[in-house]
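Enquirer: There's a structure below that I have some questions on.
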Amino acid sequence: MKPMEENLKDLFMKYTTDGRIPGISAQVVQRGETLAHVVTGLADKEAGKVLKEDALFRIYSMSKVITILGAMQLFEKGLFTLETPLSDFIPSFRRMNVITGYDQDIPLLKPAVQPILMKHLLTMTSGIPYGFNPGSLPADRFLLNRIGEAEKEKSAPQGSLNTRDYIEALAGTALAFEPGDDFLYGYNHDILGRVIEVLSGESFGSYLKKNIFDPLEMKETTFLPDKEQAERLVPLYRTVKAGEAPVRVAQDDPLTSFLFKKGGFESGGGGLISSLGDYSRYCEALLKEGSFDGHRIIGRKTLNLINRNHLTGKALATMSGDGYGYGLGVRVMMNPSLAGIPGSRGEYGWSGAAATWMCIDPAEELYAVMMLQLADCPYPLQREFAQILYGALA
């Protein structure tokens, strides 16, 4: 039987050889032993540039797993509890409305009964959306309209509001439901980034650098790449039709235009870039119960709170159709048979909009990271990766 690394290389080359995905890199480590380390394909297909070890990637929503740790460091200092109202730190969130629909162009609003609590942000149950479905979700339409109004008020080009102004704009939106009533993917972690700023007195990026990136020697992970890092940043591609070569995403595309602006929006939900090596360091610290190479970045018991399912009722039903629940900022494996993956109960992690993926499996004492840059990926690559990973374990 082939070892894990050979099987992963075969899997990745299946996609990179015919051009469906330009390049993929991944690493799997168990009990300190590297079981697989693969870097294959191209970083830049137009230039024929080979993907290298030092490539940098937009990790999008894998930023959330880092943001949550920054927030929970402040939780450990007693600066908030899970029941603390968000408005204690950002007063503009004190009086929120729930949107029930539209009467032609007039939004139908009612005052929210339940305030947004910190636990709602941490578990994606605040009711604040992302704006992905303005045609079908009234809260998405309302949110996009409000952000557009805020940009006009600030005379700011699209996607150029700074962190404070962006979060203040979000406070003027309407909720999709009463906080705590359901699970909805949205701007929760971006708001947490602003809470970190308020509580720490530092910019979000500075806080993460001092308290997470520097201790773990994550020198490539940042909201604002320098010139040399920008040259190593892999171009973003998008699949237009499954089976066909992807197209390069333009710099002014909404998927990229909010990124990498000095003094701009430091998105805790999706704004970081990182490398395979850097993110692997982060995963190793999580696997080692919050400590890496002599530096403790989070307490063991706090991490145990993060990686346990917190959802119940309707929120859990919304999230758990594929066998996963949701902890604080991470998916949590609850039922491997429903997930269809031979993984472990308690495995946790997340993924990103450009098909990046990571997992921590305490039971098997392993972590895995996969990096690529393909938006709208139609292929079951993450699932195939997990099947190979677990299938190779003795």
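Enquirer: Any idea which of L233, L259 is of a type outside the set (S, T, N, Q) and closer than 19 Å to T163 by Cα? Can you show your working first?
Expert: Working: L233 fails: closer than 19 Å to T163 by Cα.
Going through L233, L259 in turn, the sole match is L259.
Enquirer: Right, next: When you check A317 against the structure, is it open to solvent by 50 Å² or more (accessible area, probe 1.4 Å), modelled with pLDDT under 95 and closer than 14 Å to V28 by Cβ, yes or no?
Expert: On the way: open to solvent by 50 Å² or more (accessible area, probe 1.4 Å): yes; modelled with pLDDT under 95: yes; closer than 14 Å to V28 by Cβ: no.
When the stated conditions are applied, A317 does not pass them.
Enquirer: Could you please give the count of residues in the stretch 1-19 that are farther than 24 Å from Y390 by Cβ and either out of contact with any Lys or Arg (no Cβ under 9 Å at 6 or more places or on another chain) or buried (at least 19 other Cβ atoms within 10 Å of the Cβ) (or both)? Quick ask: steps written out before the conclusion?
Expert: So in the stretch 1-19, the residues farther than 24 Å from Y390 by Cβ come out as 17-19.
Okay, now just the ones that are also either out of contact with any Lys or Arg (no Cβ under 9 Å at 6 or more places or on another chain) or buried (at least 19 other Cβ atoms within 10 Å of the Cβ) (or both), so 17-18.
Count: 2.
Enquirer: For the stretch 131-153: of the residues being in contact with a Leu (Cβ under 8 Å, 6 or more places away or on another chain) and in a loop (DSSP other than H, G, I, E, B), which is surrounded by the fewest Cβ atoms within 10 Å (Cβ to Cβ)?
Expert: Looking at the filtered set, the residue picked out is P134.
Enquirer: Examine the stretch 111-124 for a residue that is assigned to a strand (DSSP E or B), open to solvent by 50 Å² or more (accessible area, probe 1.4 Å) and either small (G, A, S) or at pLDDT 95 or above (or both), and state whether such a residue exists. I'd like the intermediate steps shown before the answer.
Expert: So in the stretch 111-124, the residues assigned to a strand (DSSP E or B) come out as 111, 117.
This time we only want the ones that are open to solvent by 50 Å² or more (accessible area, probe 1.4 Å), so: 111.
Still in the running and either small (G, A, S) or at pLDDT 95 or above (or both): 111.
Yes.
Enquirer: Same structure again: Where residues in the stretch 326-351 are open to solvent by 10 Å² or more (accessible area, probe 1.4 Å), in contact (Cβ under 8 Å) with a residue 40 or more places away in the chain and under 14 Å from the mean Cα position of the chain (by Cα), which of them is nearest to R300 (Cα to Cα)?
Expert: W350
Enquirer: Can you name the number of the only condition in (1) in contact with a Ser or Thr (Cβ under 8 Å, 6 or more places away or on another chain); (2) touching a residue at least 24 places away in the same chain (Cβ under 8 Å) that K262 fails?
Expert: Among (1) in contact with a Ser or Thr (Cβ under 8 Å, 6 or more places away or on another chain); (2) touching a residue at least 24 places away in the same chain (Cβ under 8 Å), the lone unmet condition for K262 is (1).
Enquirer: While we're on this one: Quick one: which helices (runs of 4 or more DSSP H) lie wholly within the stretch 180-265 and hold at least 1 residues that are at pLDDT 95 or above and open to solvent by 30 Å² or more (accessible area, probe 1.4 Å)? First the steps, then the outcome.
Expert: Values: elements: 188-200, 204-208, 227-232, 254-257.
Hits in the stretch 180-265: 188-200, 204-208, 227-232.
Enquirer: Also, quick follow-up: If I ask for residues that are in contact (Cβ under 8 Å) with a residue 24 or more places away in the chain and part of a helix (DSSP H, G or I), which ones from the stretch 268-300 would you list?
Expert: The first filter runs over the stretch 268-300 and keeps only residues in contact (Cβ under 8 Å) with a residue 24 or more places away in the chain, leaving 268-287, 292-293, 295, 297-299.
Correct list: L276, G277, D278, Y279, S280, R281, Y282, C283, E284, A285, L286, L287.
Enquirer: Tally the residues that are among the hydrophobic types (A, V, I, L, M, F, W, C) and touching a Pro at 6+ places or on another chain (Cβ under 8 Å), restricting the search to the stretch 1-35. Quick ask: steps written out before the conclusion?
Expert: First, pick out the residues of the stretch 1-35 that are among the hydrophobic types (A, V, I, L, M, F, W, C): 1, 4, 8, 11-13, 21, 24, 26, 28-29, 35.
When the remaining residues are screened for being touching a Pro at 6+ places or on another chain (Cβ under 8 Å), the result is 21, 35.
Result for the stretch 1-35: 2.
Enquirer: Within the stretch 154-171, does at least one residue satisfy the condition of being free of Cβ contacts under 8 Å to residues at least 12 places away in the same chain, small (G, A, S) and not in a helix (DSSP H, G or I)? Break it down stepwise before answering.
Expert: Residues of the stretch 154-171 that are free of Cβ contacts under 8 Å to residues at least 12 places away in the same chain, as a first pass: 154-157.
Subsequent filtering for residues that are small (G, A, S) retains 155-156.
Subsequent filtering for residues that are not in a helix (DSSP H, G or I) retains 155-156.
The answer is yes; a qualifying residue exists.
The values are calculated or read from the model by the stated rules, or taken from the named source; none is laboratory data. Source: prediction; values computed, not measured. Positions of Cβ are backbone-derived with ideal geometry, glycine not excepted, and every protein chain shown enters the neighbour counts. Remember, those area values only see protein heavy atoms, side chains included, never the ligands or the DNA or RNA. Shrake-Rupley method; radii C 1.70, N 1.55, O 1.52, S 1.80 Å.
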